[in-house]
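Visitor: Got a structure for you, written out below as structure tokens; questions coming shortly.
The values are calculated or read from the model by the stated rules, or taken from the named source; none is laboratory data. What you see is a predicted model, and the numbers here were worked out from it, not measured in a lab. Because the Cβ atoms are built from the backbone with ideal geometry, glycine has one as well, and the counts that use them run over all protein chains shown.
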Amino acid sequence: MKPSDLVHETWSALSANRGRSALTILGIVIGIAAVITMNSIIAGISVQQSQMFGANAARLVAIRLSGIDNFTVDDMNEIAQSVPGYDYLIPTVQGTGNISTNTKKASADVTGTDPRYLSAHSTKLVAGDFFDERDMEEADRVLIMDEPGVKKLFGKKPPTEVVGESVHLGNDEYLIKGVVDKVNSWSTWGDTVYCMAPYPTVSIRLTGTTSIKQMECMTSEGSDIDTVMAATKQYLNEHYHLASSDEEDGSGGGGSPRSVSVTSDKSILDQVNQSMASFQAIMVIVSGISLLVGGIGIMNMMLTNVTERIREIGLRKALGAKRFDITSQFILESVCLCIAGGIIGVILGIGGAYVLVGPMGESMGMSSTGDPLTPVIDGASILNAVLVCTVTGLIFGWYPARSAARLDPVESLNHQ
Amino acid sequence: MAKYVLDAQNVHRIYESAAGYTAALRGVTLQVPKGEFLCVMGPSGSGKSTLMNILGGLDRPTSGTYKLEGLLMNDLTDDELAEIRGQRLGFVFQRYNLLERATVMRNVMMPLIYTDVPKSEREGRAYKALRVVGLPEEYYDHRSNELSGGQMQRVAIARALVNNPALILADEPTGALDSATSELVMNLFANLAEQGKTIVIITHDPETCAWGDRTVHIRDGRLFSDEEERALVEAALKSNAGVQARRGNT
């Protein structure tokens, strides 16, 4: 029997019983729809997480020093040279003050850092330029605002028009050199305006101290972040005779013991990924059960089908059909039913993901961070779903097909 | 080239069941040369369906030999028998056995999907077979369940012809038809026989047998020629007349 004949015979048999075929594949449809919906939403959550933390979040190490004065850029560079596994270290400092234009006033939170901050984070420049080495050297009063900040301070004015404007920050006047999309993931909240400026500018003009208290360190691609963190702690302990602590609470005023905290977002990301993986595993089990039930439904229907078509099977055998011809026809019917169920399930699953993503995002507090949670449709999971359906069709269609092929032609032809 | 299309020698078929052994065929010997139109006549339970199943390669003899065009069928596997059925045999059943969901054309072409006949040739062959049985072309795209009994049997005969078989086997082909349609169908078989087709019809109807070249009778699993059957009947009648006469004397 040629493949095209096999397909024609299969289509003819399935289309003769459309209603029953549709009901039979319901279990498969539900199982696949559930998997695709949940996978798409979970993938959406993962993407949002990585956007929130930044693409390089898993490579970033934060060092906070407490009770140490006169920690200079040279000391920081010494860490980069002595501890293997770092690409570069960036000093960061947080300053606060009031920011105002001629018409509006708000409180500002300013991150003092260096130009490499942009590549270390997933922050994107949308207008103007980021500050450069010259701004750093001369401690220029230049400011990088973000889009939510621009909106808070300038209303509907587009970022391109804000670049070049002057604002008052603290006691000085600053030039807005550039606008980025977001300084941090909470910059859309409240009335505070989040900005960035050269590290020396912030430390001199807003915090009043030049000693570095915080650093962001980019580890090299492929290096083990835990090993690098341990080596950093050891280096700092040995060179500064510190009481090491992983807790941020260790920092404090002059009376506090000298301590250092070396942390990373990797553990948080790992935890998030682990919870997502557990959730995904539960979904795989649930959908597996659904596919099993659906597969049994298919097998049941195929067995009924064989019983109802005994005379047809006898006739086909009388007209020259071999066992393989009968087996392949019934298996193909089963596989086609499962694949049809899978395709309908994929379509419903994608639709379901878009319908459920809103309520799920709200219940998980995802939408409050700014960008709405959107499902991510993964081609591989669609392909997997279709493959799983094919295998289900093969497994659950095999027994009925084998039963059909083994029927005696004489008994089949005489079946009433 | 074999002398006979069909050559059965001393064929026995014994069924085994919980009740014991039942002999459906007891030493059947039958030879059919090419182009013969043979009728096998017998009452219900005489073993004619069992004989048709064996001649059609749907069943195997318990003992004895059966050759189709010189090929010994006894030891062939199920798949080998299926291949022989698809290539060398044409079946016509009492209840037509057409696929209701398929069109007339598709029904006629069905044996060809299990052979090596290329797709391009199939429609041509089906058209030819349908023209031979005289079914008007307007019915070719109809579903088989939209046809009358006579039309359905014509489609079934066309299906039996489409693979140009060595032997056409028909089991009570007029059993479900009225007398006028039966005559049309039998006329069709007679025409095919005239064209050189080898036909074996199994029936219980003497009128059907009148269309054949030769009739053999089957009774209790044994075959008898027309002469043997006549002699048996005459002997039975004589014996019955003797009994009646003795009863009259007493």
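Visitor: If you take the residues of region B:92-111 that are within 9 Å of another protein chain (Cβ to nearest Cβ) and assigned to a helix (DSSP H, G or I), which of them is surrounded by the fewest Cβ atoms within 10 Å (Cβ to Cβ)?
Guide: In this case the residue turns out to be B:ARG106.
Visitor: Need at least 2 residues that are touching a Cys at 6+ places or on another chain (Cβ under 8 Å) and either farther than 16 Å from A:LEU175 by Cα or modelled with pLDDT of 85 or more (or both) per element, so show me which strands (runs of 3 or more DSSP E) inside region A:99-156 make the cut, counting only ones lying wholly within it.
Guide: Where strands (runs of 3 or more DSSP E) fall fully within region A:99-156 and carry at least 2 residues being touching a Cys at 6+ places or on another chain (Cβ under 8 Å) and either farther than 16 Å from A:LEU175 by Cα or modelled with pLDDT of 85 or more (or both), they are A:105-113, A:142-146.
Visitor: Which one is nearest to the other protein chains (Cβ to nearest Cβ), of the residues in region B:112-124 that are surrounded by fewer than 18 Cβ atoms within 10 Å (Cβ to Cβ) and assigned to a loop (DSSP other than H, G, I, E, B)?
Guide: Ranking the candidates gives B:THR115 first.
Visitor: Against the condition under 22 Å from A:ILE313 (Cβ atoms), touching a residue at least 24 places away in the same chain (Cβ under 8 Å) and charged (D, E, K, R), how does B:ARG125 come out, does it pass?
Guide: Against the criterion (under 22 Å from A:ILE313 (Cβ atoms), touching a residue at least 24 places away in the same chain (Cβ under 8 Å) and charged (D, E, K, R)), B:ARG125 does not qualify.
Visitor: Residues being among the charged types (D, E, K, R) and modelled with pLDDT of 90 or more: count how many of those fall in region B:106-120.
Guide: Here the count works out to 1.
Visitor: Now, a different point. On the given criteria, is B:LEU89 surrounded by 21 or more Cβ atoms within 10 Å (Cβ to Cβ), more than 10 Å from chain A (Cβ to nearest Cβ) and modelled with pLDDT of 90 or more?
Guide: no
Visitor: Please indicate, with yes or no, whether at least one residue in region B:132-149 is facing chain A (nearest Cβ under 10 Å), assigned to a helix (DSSP H, G or I) and either without any contact (Cβ under 8 Å) to a residue 12 or more places away in the chain or over 18 Å from A:LEU319 (Cβ atoms) (or both). Full working, then the answer.
Guide: Initial filter on region B:132-149 (facing chain A (nearest Cβ under 10 Å)): none.
The answer is no, given that none of the residues of region B:132-149 is facing chain A (nearest Cβ under 10 Å), assigned to a helix (DSSP H, G or I) and either without any contact (Cβ under 8 Å) to a residue 12 or more places away in the chain or over 18 Å from A:LEU319 (Cβ atoms) (or both).
Visitor: Also: Can you tell me which condition B:THR77 does not meet? The list is (1) within 14 Å of chain A (Cβ to nearest Cβ); (2) hydroxyl-bearing (Ser, Thr, Tyr); (3) within 11 Å of B:VAL28 (Cβ to Cβ), and all the others hold.
Guide: (3)
Visitor: Tally time: how many residues in region B:158-211 are of a type in the set (Asp, Glu) and under 12 Å from the mean Cα position of the chain (by Cα)? Working first, answer last.
Guide: Filtering region B:158-211 for residues of a type in the set (Asp, Glu) gives B:171-172, B:178, B:183, B:194, B:205, B:207.
Filter once more, so that each one left must be under 12 Å from the mean Cα position of the chain (by Cα): B:171-172.
Matching residues across region B:158-211 total 2.
Visitor: So, one more: Report yes if some residue within region A:54-61 is of a type in the set (Gly, Ala, Ser) and in contact with an Asp or Glu (Cβ under 6 Å, 6 or more places away or on another chain); otherwise report no. Walk me through how you get there before you give the answer.
Guide: Residues of region A:54-61 of a type in the set (Gly, Ala, Ser): A:54-55, A:57-58.
Within this subset, residues satisfying the condition of being in contact with an Asp or Glu (Cβ under 6 Å, 6 or more places away or on another chain) are A:57.
There is at least one residue in region A:54-61 that is of a type in the set (Gly, Ala, Ser) and in contact with an Asp or Glu (Cβ under 6 Å, 6 or more places away or on another chain).
Visitor: Still on this structure, please answer the following. Of all residues in region A:163-191, which are modelled with pLDDT under 85 and out of contact with any Gly (no Cβ under 8 Å at 6 or more places or on another chain)?
Guide: A:ASN171, A:ASP181, A:ASN184, A:TRP186, A:TRP189, A:GLY190, A:ASP191
Visitor: Quick check, is A:THR160 surrounded by fewer than 17 Cβ atoms within 10 Å (Cβ to Cβ), free of Cβ contacts under 8 Å to residues at least 40 places away in the same chain, of a type in the set (Val, Ile, Thr) and part of a helix (DSSP H, G or I)? Show your work before the answer.
Guide: Values: surrounded by fewer than 17 Cβ atoms within 10 Å (Cβ to Cβ): yes; free of Cβ contacts under 8 Å to residues at least 40 places away in the same chain: yes; of a type in the set (Val, Ile, Thr): yes; part of a helix (DSSP H, G or I): yes.
Judged against the criteria, A:THR160 is a match.
Visitor: Any chance region A:311-321 includes a residue that's of a type in the set (Lys, Arg), surrounded by fewer than 22 Cβ atoms within 10 Å (Cβ to Cβ) and not in a helix (DSSP H, G or I)?
Guide: There is no residue in region A:311-321 that is of a type in the set (Lys, Arg), surrounded by fewer than 22 Cβ atoms within 10 Å (Cβ to Cβ) and not in a helix (DSSP H, G or I).
Visitor: Given (1) under 28 Å from the mean Cα position of the chain (by Cα); (2) within 14 Å of chain B (Cβ to nearest Cβ); (3) of a type in the set (A, V, I, L, M, F, W, C), where does A:ILE310 come up short, assuming only one miss?
Guide: With (1) under 28 Å from the mean Cα position of the chain (by Cα); (2) within 14 Å of chain B (Cβ to nearest Cβ); (3) of a type in the set (A, V, I, L, M, F, W, C) applied to A:ILE310, the lone miss is (1).
Visitor: Here is a check on your reading of the model: is B:ARG154 touching a Leu at 6+ places or on another chain (Cβ under 9 Å), more than 14 Å from every other protein chain (Cβ to nearest Cβ) and modelled with pLDDT under 90?
Guide: Judged against the criteria, B:ARG154 is a match.
Visitor: Sticking with this one: Among the listed residues A:VAL346, A:VAL260, A:VAL286, A:VAL272, which satisfies the condition of being away from every other protein chain (no Cβ under 14 Å) and at pLDDT 85 or above?
Guide: Matching residue, one of A:VAL346, A:VAL260, A:VAL286, A:VAL272: A:VAL346.
Visitor: Tell me yes or no: at least one residue of region A:11-27 is within 11 Å of chain B (Cβ to nearest Cβ) and either on the phi > 0 side of the Ramachandran plot or among the basic types (Lys, Arg) (or both).
Guide: No, region A:11-27 contains no residue that is within 11 Å of chain B (Cβ to nearest Cβ) and either on the phi > 0 side of the Ramachandran plot or among the basic types (Lys, Arg) (or both).
Visitor: Those residues that are surrounded by 14 or more Cβ atoms within 10 Å (Cβ to Cβ) and in a loop (DSSP other than H, G, I, E, B), I need them from region A:2-18; list them, please.
Guide: A:ASN17, the sole residue that qualifies.
Visitor: Here is a follow-up. Report yes if A:VAL357 is part of a helix (DSSP H, G or I), more than 30 Å from B:ALA102 (Cβ to Cβ) and at pLDDT 90 or above, otherwise no.
Guide: When the stated conditions are applied, A:VAL357 does not pass them.
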